[in-house]
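Values in this text are rule-based calculations from the coordinates and carry no lab data. As the structure is a prediction and not an experimental result, all values here were calculated from the model. Neighbour counts are summed over all protein chains in view; Cβ atoms, including those assigned to glycine, are modelled from backbone coordinates with ideal geometry.
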Amino acid sequence: MGKALGNPWRRLGQGPLIAPSLLACDFCRMGEQIAQAISAGAQVLHCDIMDGHFVPNLSMGPGVVKSVRNFTDHPLDVHLMVSDPKRFAEVFAQAGADSITFHIEATDKPGEIIDFLHARGLGAGITLRPGTPASAIEAVIPLVDMVLIMTVEPGFGGQEFMANQLPKIRRIRSLLRPQQRLEVDGGINPRTAALAASAGADVFVAGADIFGSGDIPAALEDLRKGASTERKS
Ligand code: DX5
Ligand code: ZN
């Protein structure tokens, strides 16, 4: 228990992955809810980090990630929504993340952060706000293990999926090598997971749909069905 195993994206093979977003946990019952999600088959745990500056909300700090790390050796997929990703990549690598994703809008030196993560054996992901065009990350795509397409405006759980991001998912998928992962985050439920899967997504972050459901195993099972929808090119 409690071991960072490093870059999870290749280790987990090629099929669709479900990544419950811990932001939607009941923080007083986090361990119990994480254990339920893992035994119901969730392969990755998604940790949303907000600094009240890059996004207008605060979430969890490194202490929480460290506790989750001590609780499980399941892959921790840390999503930084912060204005200083270089500093916080170091902080959350130290806290036990297996992969760290940062926003292209927050840095003009993405290569330095990616190199730092790879030098530590961690996965590196790049992400972008819904209003940022795919072209903003095209130069970085060959360097990362995973691209995260935000399907809501980052900052809050429980928002509605933005279907206008589907063309971006298709476009980015066409630029990825087969081993690179394409994650979607925001408003994911069985229906929207199916839409994103048919556009090329293969990692599905879901918060409210899983932890707000009252039945974590049933929610995961339904999500898995949506996520298994075949890609249409
Ligand atoms: C939003 C976060 C998401 C969020 C998703 O800023 O990045 O990970 O927790 O939550 P749901 O699935 O509830 O939209
Ligand atoms: Zn997220």
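Could you count how many residues in region 52-70 are in contact with a strand residue (DSSP E or B) (Cβ under 7 Å, 6 or more places away or on another chain), in a helix (DSSP H, G or I) and within 16 Å of ligand 2 (Cβ to nearest atom)?
Filtering region 52-70 down to residues in contact with a strand residue (DSSP E or B) (Cβ under 7 Å, 6 or more places away or on another chain) leaves 52, 54-55, 57-60, 65, 68-69.
Restricting the remaining residues to those that are in a helix (DSSP H, G or I) gives 65, 68-69.
Now narrow it down to the ones that are within 16 Å of ligand 2 (Cβ to nearest atom): 65, 68.
Total meeting the criteria: 2.
With the condition kept exactly as written, say whether any residue in region 184-191 is outside any loop (DSSP other than H, G, I, E, B), in contact with a strand residue (DSSP E or B) (Cβ under 6 Å, 6 or more places away or on another chain), within 16 Å of ligand 2 (Cβ to nearest atom) and not small (Gly, Ala, Ser). Write out each step before concluding.
We begin by selecting, within region 184-191, every residue outside any loop (DSSP other than H, G, I, E, B); these are 184-185, 190-191.
Those left that are additionally in contact with a strand residue (DSSP E or B) (Cβ under 6 Å, 6 or more places away or on another chain): 184-185.
Next cut, within 16 Å of ligand 2 (Cβ to nearest atom) only: 184-185.
Okay, now just the ones that are also not small (Gly, Ala, Ser), so 184-185.
Scanning region 184-191 turns up at least one residue that is outside any loop (DSSP other than H, G, I, E, B), in contact with a strand residue (DSSP E or B) (Cβ under 6 Å, 6 or more places away or on another chain), within 16 Å of ligand 2 (Cβ to nearest atom) and not small (Gly, Ala, Ser).
Tell me, yes or no, whether region 216-228 has at least one residue that is outside any helix (DSSP H, G or I), polar (S, T, N, Q) and more than 24 Å from VAL78 (Cβ to Cβ).
As a first pass, look at region 216-228 and keep what is outside any helix (DSSP H, G or I): 228.
Now narrow it down to the ones that are polar (S, T, N, Q): 228.
Filter once more, keeping what is more than 24 Å from VAL78 (Cβ to Cβ): 228.
Yes, some residue in region 216-228 is outside any helix (DSSP H, G or I), polar (S, T, N, Q) and more than 24 Å from VAL78 (Cβ to Cβ).
Name the single residue, out of those in region 26-46 being assigned to a loop (DSSP other than H, G, I, E, B) and out of contact with any Asp or Glu (no Cβ under 9 Å at 6 or more places or on another chain), that is nearest to PHE211 (Cα to Cα). Break it down stepwise before answering.
We begin by selecting, within region 26-46, every residue assigned to a loop (DSSP other than H, G, I, E, B); these are 26, 40-44.
In the following step, the residues that additionally are out of contact with any Asp or Glu (no Cβ under 9 Å at 6 or more places or on another chain) were identified as 42-43.
Details: ALA42: 12, GLN43: 15 Å.
Checked region 26-46; the qualifying residue nearest to PHE211 (Cα to Cα) is ALA42.
Among the residues that make up region 170-188, is at least one of them of a type in the set (S, T, N, Q), buried (at least 18 other Cβ atoms within 10 Å of the Cβ) and near ligand 1 (Cβ under 10 Å from one of its atoms)? Before you say what the answer is, go through the steps one by one.
Going residue by residue through region 170-188, those that are of a type in the set (S, T, N, Q) are 174, 179-180.
Keeping just the survivors that are buried (at least 18 other Cβ atoms within 10 Å of the Cβ) gives 180.
With near ligand 1 (Cβ under 10 Å from one of its atoms) added as a condition, the list becomes none.
Checking region 170-188: not a single residue is of a type in the set (S, T, N, Q), buried (at least 18 other Cβ atoms within 10 Å of the Cβ) and near ligand 1 (Cβ under 10 Å from one of its atoms).
Name the single residue that is farthest from SER83 (Cα to Cα) among those in region 128-163 being in contact with a Pro (Cβ under 8 Å, 6 or more places away or on another chain) and within 16 Å of ligand 1 (Cβ to nearest atom).
By that ranking, first place goes to MET162.
With the requirement that a residue be within 13 Å of ASP51 (Cα to Cα) and without any contact (Cβ under 8 Å) to a residue 12 or more places away in the chain, what does region 66-109 give you?
If the condition is that a residue be within 13 Å of ASP51 (Cα to Cα) and without any contact (Cβ under 8 Å) to a residue 12 or more places away in the chain, then ARG87 is the only one that fits.
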